[in-house]
Each structure stands twice: as C-alpha cells, then as structure tokens.
Amino acid sequence: MAAILSLAEAIEANLRDGDNVAMEGFTHLIPFAAGHEVIRQGRKRLTLIRMTPDLIYDQLIGMGCAEKIVFSWGGNPGVGTLHRFRDAFDNGWPNKIEIEEHSHAAMANAYEAGAAGMPFAAFRGYRGAELKRVNPNIKEITCPFTGEKLAAVPAMKLDVAIVHAQKADRKGNVLFEGIVGVQKEAVLGAKRSIVTVEEIVDTLEPHSPNAVILPGWTIGAVVQVPGGAHPSFAHGYYKRDNVFYKKWDAIARDRDSFRAWIDEHVLRKGPDAFAVHAKRAA
Amino acid sequence: MSKTPNSYTPNEMMTIAAARALSNNDVCFVGIGAPSAACNLARFTHAPDIVLIYESGTIETKPNILPLSIGDGELCETALVTVPVPEMFRYWLQGGRITTGFLGGAQIDKFANLNTTVVGPYEKPEVRLPGGGGAPEIATSCGQIFITMAHKRRAFVEKIDFFTSLGHGKGGDDRASYGVTTKGPTKVLTDLCVLEPDPKSKELTVVLLHPGVTREQVVEATGWKIKFADRVAETPPPTEIELKTLRELHARTKAAHGEAA
C-alpha cells in the first residue's frame with residue numbers, strides 16, 4: 001500500500017545517492033516539485049533517465065546531482081538548447097557527466113520491457129542509424145521465426161521512478177489522464193516509486209473502466225503537491241507555461257543567473273510554492 | 001516586415017510548398033517546428049481530413065494553434081484519442097500505419113540522410129544538438145518521408161557529421177540493404193526550391209524553383225555540386241488564401257503563447 005507522505009519524507013525515504021532514477025512525463029505531468037526537493041536534499045551521483053531531459057534535468061544537472069544522463073531528445077522543446085546540460089557535458093561544470101543516448105522508440109520499448117519484467121526489448125529500429133556505433137547498449141538480434149534482424153536494448157531497470165498525476169484516493173490509487181507518456185511503465189519497472197498528485201480525494205469515481213490507474217499497492221509513496229508539474233502542465237488543472245519555457249533559456253544560459261534562480265525558487269522555497277500554479281485556469 | 005497580399009517571405013513559401021505536398025488521405029507523423037506549421041496549414045486549406053499524429057501519443061489531433069512542444073495540451077485536447085508513448089511507437093509507427101513522416105534537421109546530405117545529433121565528432125562535438133528523438137524510426141517506418149528545412153550551405157552539406165536517421169544511405173539501392181522496405185525521403189522542401197531524389201541514383205535533384213529564386217542562389221546555398229532536373233519548373237506562388245491562413249495560424253499561436261516571439 002502506498003504511504004501518503006510529505007514530499008521531503010518521500011524523497012528522503014526512497015532516493016539514495018548513486019541511484020538510477022527516472023522522473024518521467026512526456027512534456028506533460030513532469031514532476032518538477034519532486035525534482036526541486038531532490039536538489040534541496042542534495043542527492044549526488046544520480047543516473048538520471050528521461051526520454052526528454054527537459055528543464056527538470058537541466059536544473060538537477062546544474063546543481064551537481066547527476067553523474068550520467070540516459071535520454072533520447074535533449075533540448076528545451078521549441079526553444080533550443082538545455083544550457084546546463086551542455087555546460088556539464090562540454091565543460092564539466094559543475095561536474096562531468098556521462099551520456100547514454102537512444103531514440104524515443106528504444107526508450108519507450110525499454111520502459112515497457114522493464115514493466116513486463118523482461119531482460120530486453122526487441123523492435124524494428126536504428127536501421128541505418130549511427131547511434132548503435134556509439135552506444136554499446138544497442139545490439140542486433142535475429143527473429144528466431146522469420147530471420148528478420150531487429151534492434152535490442154536492455155530493459156529499463158530503475159531503482160526509483162518519480163512521476164506526477166492528477167489524483168490519488170486515500171488508499172494511494174492513482175489516476176493519470178491526458179498524455180500518459182511512459183509513467184505507468186516507469187513505476188511498474190522500478191524498485192521504489194513516488195507519485196506526486198494535484199489532489200488527494202475520497203474516491204476516484206466516476207471514471208472510465210479503462211482509465212489509466214495504478215493501484216496503490218504498486219506504488220511506494222504518494223504526495224499531494226498542487227501545481228507540482230509546473231512549468232509543464234496537468235491536463236484538466238493548468239496549462240503548460242510556454243512563456244516560462246522561453247524564459248528559461250536566458251536564466252540557464254549563464255551560471256550565475258542559473259544559481260540565483262535556483263537559490264530564490266528552489267533552495268529558499270518548499271513544495272507549497274507550486275500551489276500558485278495550480279490556481280491558474282486550465 | 002510589411003506584407004502586402006502579393007509579398008511573402010521565403011520561409012512562408014517553404015511552409016506553403018511543404019503543405020501542398022500533403023494530401024487529404026495522408027496519415028502524417030508530425031515533427032515540431034516547420035513540419036508542424038506545414039501539416040496544420042494543409043489541414044486548414046486543401047486537406048481538411050488529413051490525420052495528424054504527434055509522438056506524444058495524440059492521434060487525429062486538430063490544434064487551433066501551433067504547439068511549442070510535441071506534447072502541448074492543445075494536441076491532447078483536440079485529439080480523437082491519446083495513447084501511451086510505447087503504444088504510439090509500437091502499434092502505430094512500427095505497425096506501419098503512418099503514410100507520411102515529416103522531418104527537419106540540422107544537416108542533410110545529397111541522399112537525404114539527416115543529422116540532428118552533433119556537429120563535429122560525437123565524443124567531443126563542436127555543437128551538441130538535441131538528438132534523434134523519434135526520427136531514427138520515423139525515417140524507416142513511415143511509408144514515405146518529407147523533409148523541410150531552410151536552404152543554407154552549413155545545413156546542405158557534402159558529408160553529415162552523424163547519421164541520426166537514414167535517408168537513401170549511399171544512394172541507389174543502399175536504403176534497402178538495411179532491411180528497410182519503405183520509400184524514404186521523396187521530397188525535400190526548402191525556402192529556395194523543391195528537391196526530389198533521382199529515381200535511380202537517389203541523389204537529390206532540384207525539380208521546382210520558388211518564384212524569383214535563381215539556380216545560382218541554390219548552387220551557392222548547397223555544400224555539394226547540386227543537380228537540376230532536365231526540366232525545372234517554377235513553384236506556383238502562394239495563393240491569397242494560403243498566405244492568409246498561415247499568417248492567421250501564426251498570429252493565433254503567438255497570442256496563445258503569450259508574447260510576440
């Protein structure tokens with residue numbers, strides 16, 4: 001059964017230095033509040049896994065939490081470069097990071113294989129593509145039935161998955177709506193998991209019998225953090241803050257302005273600071 | 001920039017040429033940026049029933065504004081259905097249900113292979129680009145590929161620094177040697193011209209020049225010795241309705257994103 005905790009308790013209890021962690025959410029429901037708590041608790045040497053590192057990993061990388069990034073598209077969507085990611089990769093600031101690069105299809109298949117308890121994922125991919133030259137985790141296998149050559153990647157084996165969702169009930173059952181990305185696969189493929197939610201309610205009813213729901217017994221901790229996905233969005237609650245995504249480019253371009261932003265908005269604040277975003281109209 | 005009904009920018013011509021390449025029967029996998037503008041312009045003009053799919057899982061989406069990211073709320077709210085990302089890549093893309101994939105890139109070579117990964121060596125790049133995202137599998141799983149990008153010498157290069165996604169490989173029948181059975185790039189739409197692969201060599205060849213563009217301009221903006229088809233026609237200029245629709249789409253998008261970006 002999921003424990004309903006504070007954000008500080010949930011991160012403290014579940015995430016350790018050196019863990020493999022995926023904070024997922026495909027442009028939607030990105031667990032920013034949880035990422036900020038990881039920064040406040042000063043976790044180090046994390047392997048940060050996300051299809052799109054986005055601003056959340058730019059922030060964690062810039063604060064020295066990461067040792068390795070596993071990703072498939074590393075930009076600020078529609079805006080440009082992730083400057084903290086680049087500075088760490090190019091110049092080792094604040095520390096050197098290693099990268100493992102895939103395609104979206106490979107990462108999505110690997111998450112699914114992780115949830116299914118499989119050792120690897122096979123798919124029709126990377127044909128004529130050069131990533132397999134530089135990433136030893138991309139192999140080729142032959143279909144035993146047809147002889148077709150397929151790509152194979154290891155299943156995503158996560159120590160911890162951290163995701164955000166719209167609602168949980170008091171037993172910790174969690175409802176996801178809208179762009180559901182790979183959140184379910186990440187949680188089911190992880191040893192430990194934290195789900196932050198917009199609200200905890202008495203019941204998830206009424207919902208479609210086919211709704212995307214993770215039972216509370218598959219989740220480690222549930223935390224109520226209204227607005228916790230800002231500047232990404234929560235379908236039905238608030239919109240993506242595209243203006244902030246554009247502003248981030250100038251904030252993160254410079255080491256000092258980045259540190260000043262983190263100091264003001266992360267280190268001197270707590271998860272309650274996200275609540276203001278939940279109040280913006282959806 | 002002043003815009004009388006008869007004047008338009010090279011970038012507007014590119015988007016309009018790209019939109020015209022799409023048909024009402026297409027099921028299209030849409031990349032962000034120029035491809036997204038072209039696909040939605042097609043939907044608002046000659047192809048109202050075109051099916052647009054974005055890799056965030058949104059199927060038959062009908063956005064009223066252009067999304068900034070591949071998973072803006074607008075895409076999900078206006079979609080017939082939104083599926084999980086593994087399902088999107090497995091059942092829909094790999095399953096062969098997409099007729100046309102629309103890609104852009106930082107570098108393209110004469111066989112329409114694309115690089116969106118690095119400029120310079122992979123381990124120590126001069127410019128680290130975002131990476132492949134969906135492109136490596138979009139490039140091989142869709143029935144055909146359209147590419148749209150601005151025509152610049154630093155982008156149209158003799159040799160790309162990294163093979164992010166397969167076009168026609170080394171030319172000729174090379175693409176099939178990777179076990180790929182789809183057509184690959186059939187059109188490249190730039191702000192100067194439209195290129196198509198030669199049926200045999202698969203080398204990109206200029207088939208249409210946009211109004212007012214000279215051969216010399218194209219030669220100058222291309223990093224390899226560019227070939228022209230035996231008969232090069234002129235792209236019909238944008239119609240009033242195409243321009244109006246495109247400008248209104250951009251105006252709505254800017255207003256919605258909260259600034260005059």
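So B:G223 passes all but one of these: (1) in contact with a Pro (Cβ under 8 Å, 6 or more places away or on another chain); (2) assigned to a loop (DSSP other than H, G, I, E, B). Which condition number does it fail?
Checking B:G223 against (1) in contact with a Pro (Cβ under 8 Å, 6 or more places away or on another chain); (2) assigned to a loop (DSSP other than H, G, I, E, B), the one that fails is (1).
Just checking, which of A:G172, A:G227 is more than 18 Å from the chain's Cα centre (by Cα) and either within 14 Å of another protein chain (Cβ to nearest Cβ) or modelled with pLDDT of 95 or more (or both)? Walk me through how you get there before you give the answer.
Values: A:G227 fails: more than 18 Å from the chain's Cα centre (by Cα).
Residue meeting the stated conditions: A:G172.
Can you list residue pairs whose Cβ atoms sit under 8 Å apart, with the first residue in the stretch B:67-85 being over 13 Å from B:S36 (Cβ atoms) and the second being aromatic (F, W, Y) and surrounded by fewer than 23 Cβ atoms within 10 Å (Cβ to Cβ)? Count only pairs 6 or more apart in sequence or on different chains.
Filtered contacts from the stretch B:67-85: B:V83/B:Y91; B:V83/B:W92.
Across the stretch B:174-196, what is the total count of residues that are crowded, with 18+ Cβ neighbours inside 10 Å, over 19 Å from A:Y126 (Cβ atoms) and either of a type in the set (S, T, N, Q) or more than 15 Å from the chain's Cα centre (by Cα) (or both)?
Residues flagged as crowded, with 18+ Cβ neighbours inside 10 Å, over 19 Å from A:Y126 (Cβ atoms) and either of a type in the set (S, T, N, Q) or more than 15 Å from the chain's Cα centre (by Cα) (or both) within the stretch B:174-196 amount to 1.
How about the stretch B:53-70: which of its residues are in contact with a Phe, Trp or Tyr (Cβ under 9 Å, 6 or more places away or on another chain) and closer than 13 Å to B:F29 by Cα?
B:I53, B:Y54, B:E55, B:S56, B:G57, B:I59, B:T61, B:I70
Would you confirm, using the coordinates I've provided, whether B:T214 is within 14 Å of chain A (Cβ to nearest Cβ), of a type in the set (V, I, T) and surrounded by fewer than 15 Cβ atoms within 10 Å (Cβ to Cβ)? Break it down stepwise before answering.
Numbers: within 14 Å of chain A (Cβ to nearest Cβ): no; of a type in the set (V, I, T): yes; surrounded by fewer than 15 Cβ atoms within 10 Å (Cβ to Cβ): yes.
The answer is no for B:T214.
Out of the stretch A:79-105, which residues are assigned to a loop (DSSP other than H, G, I, E, B) and either under 26 Å from B:Y91 (Cβ atoms) or in contact with an Asp or Glu (Cβ under 9 Å, 6 or more places away or on another chain) (or both)? So that I can check it myself, show each step before the final result.
First, the residues of the stretch A:79-105 that are assigned to a loop (DSSP other than H, G, I, E, B): A:79, A:82, A:92-97, A:102-103.
If the condition is that a residue be assigned to a loop (DSSP other than H, G, I, E, B) and either under 26 Å from B:Y91 (Cβ atoms) or in contact with an Asp or Glu (Cβ under 9 Å, 6 or more places away or on another chain) (or both), then A:V79, A:L82, A:W93, A:P94, A:N95, A:K96, A:I97, A:H102, A:S103 are the ones that fit.
Please go through the stretch A:25-78 and pick out each residue that is more than 12 Å from chain B (Cβ to nearest Cβ), acidic (D, E) and either under 24 Å from B:P136 (Cβ atoms) or not in a helix (DSSP H, G or I) (or both).
A:D58, A:E67
Name every residue in the stretch B:95-147 that is of a type in the set (F, W, Y) and either more than 8 Å from chain A (Cβ to nearest Cβ) or part of a strand (DSSP E or B) (or both), in order of residue number.
Within the stretch B:95-147, B:F102, B:F111, B:F146 meet the criteria.
Of these, B:V194, B:V206, B:V218, which one is among the β-branched types (V, I, T), assigned to a strand (DSSP E or B), modelled with pLDDT of 95 or more and over 28 Å from B:G134 (Cβ atoms)?
Working: B:V194 fails: over 28 Å from B:G134 (Cβ atoms); B:V218 fails: assigned to a strand (DSSP E or B).
Going through B:V194, B:V206, B:V218 in turn, just one is among the β-branched types (V, I, T), assigned to a strand (DSSP E or B), modelled with pLDDT of 95 or more and over 28 Å from B:G134 (Cβ atoms): B:V206.
The values are calculated or read from the model by the stated rules, or taken from the named source; none is laboratory data. Values in this document were obtained by computation on a predicted structure and should not be read as measured data. All Cβ positions, glycine included, derive from the backbone under ideal geometry; neighbour counts span all protein chains shown.
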